[in-house]
1. Please sort by residue number the trypsin sites (Lys or Arg not before Pro) in the stretch 33-103 whose DSSP state is loop and whose Cβ has at most 10 other Cβ atoms within 10 Å.
2. Obtain the nm distance between the two label points defined at residue 16 and residue 32 by a simple spin-label model: each point lies 7 Å from its Cα along the Cα-to-C-beta direction.
3. Please list, or write none, the lysines whose alpha carbon is within less than 28 Å of the alpha carbon of residue 96, excluding same-chain residues fewer than 8 places away.
4. Please give the per residue accessible area of the stretch 4-90, computed with a probe of 1.4 Å over protein heavy atoms only, in Å².
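The values are calculated or read from the model by the stated rules, or taken from the named source; none is laboratory data. Given the structure is predicted, the values throughout are model-derived calculations rather than measurements. Positions of Cβ are backbone-derived with ideal geometry, glycine not excepted, and every protein chain shown enters the neighbour counts. In case anyone asks, the SASA skips ligands and DNA or RNA and just uses the protein heavy atoms, side chains included. Shrake-Rupley method; radii C 1.70, N 1.55, O 1.52, S 1.80 Å.
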Amino acid sequence: SSELVKTGGVFVLQGLPDQSFQELSKRILKLKEIGVDAPIQLDPLKFHAFNISKVPTFVVSEDDKFDKISGNVSLNFALEQMSNRGETLAAQTLYKHLKGKSWDLQRNYFLVCFLSLRRQSKQMVLLT
């Protein structure tokens with residue numbers, strides 16, 4: 001979460017856990033209690049726009065290009081892979097920024113981590 005905050009990214013959820021705003025609120029409070037400070041958005045359209053079929057997935061979007069990587073990986077690893085093999089310059093800039101080598105972040109991109117509050121994961125114990 002702190003890496004996502006440092007790079008200006010957000011968590012995006014596709015839908016409501018158990019179709020309940022009350023349940024969503026409880027789970028977001030649990031996240032905040034364990035130190036998750038990154039913004040959280042509910043946006044099923046972004047899942048469709050980037051053809052997200054599994055979570056977690058990281059996406060860096062810049063103009064009409066985007067890079068994405070799915071799996072139980074860190075943001076650092078995802079940005080490193082995107083910066084080495086991806087199409088966006090933003091992935092390279094974000095990776096350098098995360099490593100403390102660049103502080104010139106322009107906001108013509110966005111970084112998203114797609115998650116589900118419905119699924120359980122060893123990595124995301126906060127989802128239980």
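1. Values: sites: 46, 54, 65, 68, 85, 96, 99, 101; in loops: 54, 99, 101.
The qualifying sites are 54, 101.
2. Going by the 7 Å Cα→Cβ label model, 1.9 nm.
3. Straight-distance partners of residue 96: 6, 32, 46, 54, 65, 68.
4. Values: 4900 Å² over 87 residues.
On a per-residue basis, 56 Å².
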